[in-house]
1. What whole number of Å gives the distance from the Cα centroid of segment 113-142 to the Cα centroid of segment 44-69?
2. Let me have the 222 nm mean residue ellipticity of the chain computed from DSSP H runs of 4+ only, each contributing -39500 (n - 2.57), with the sum over all residues rounded to the nearest 500.
3. Across the chain, how many lysine pairs, 8 or more apart or on two chains, come within less than 18 Å at their alpha-carbon atoms?
Amino acid sequence: MTSDKFTPELIAPCGMNCGICKAYLAYTHGIPRERDRVTHCAGCIPRAKNCYLIRGCPKLRKHEISSCAQCVTVPCKNLAHLDKRYRERYDMSMVENLRELKIKGKETFLKNQQEKYRCPNCGDVVCVHDGNCYSCSYRRETKPIKSAE
Ligand SMILES: [Zn+2]
């Protein structure tokens, strides 16, 4: 179980790898939904999730394109907003992902994602959102957001 942890349908239109998302990891690892604190999601594409990017983009909505990687105006305003939030909070960039997807293709992209988010302890996946491995007790040290005390 090495390189097929992430499959192409886990690549969301925005360039996000749903395989590293908290809601996907909770779902695939059977983490119970504690009231509304844990969301379960099978991935944006498997769930046909109508996110705000799709709602805000006529090309995605009309299925003229299936990924922002096929768009000539990357990033649009909505994607730039999402990208900025992810870069600041999670040290991840949709725009960079899309660039990599365009240049290297899905297979290489997923292989690199595998390397980047592999748990050093057990080889499973470290979540981009909370830095946790859902298979063992590994917890990535999160970078300090700002110096508080
Ligand atoms: Zn682990």
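Coordinate-derived values only; no laboratory data. Because the structure is predicted, anything quoted here is derived from the model rather than measured.
1. Distance between centres, Cα-based: 28 Å.
2. On the way: 6 runs with 51 residues, N = 149.
Calculated mean residue ellipticity at 222 nm is -9500 deg cm²/dmol.
3. Within the chain, the lysine pair count is 17.
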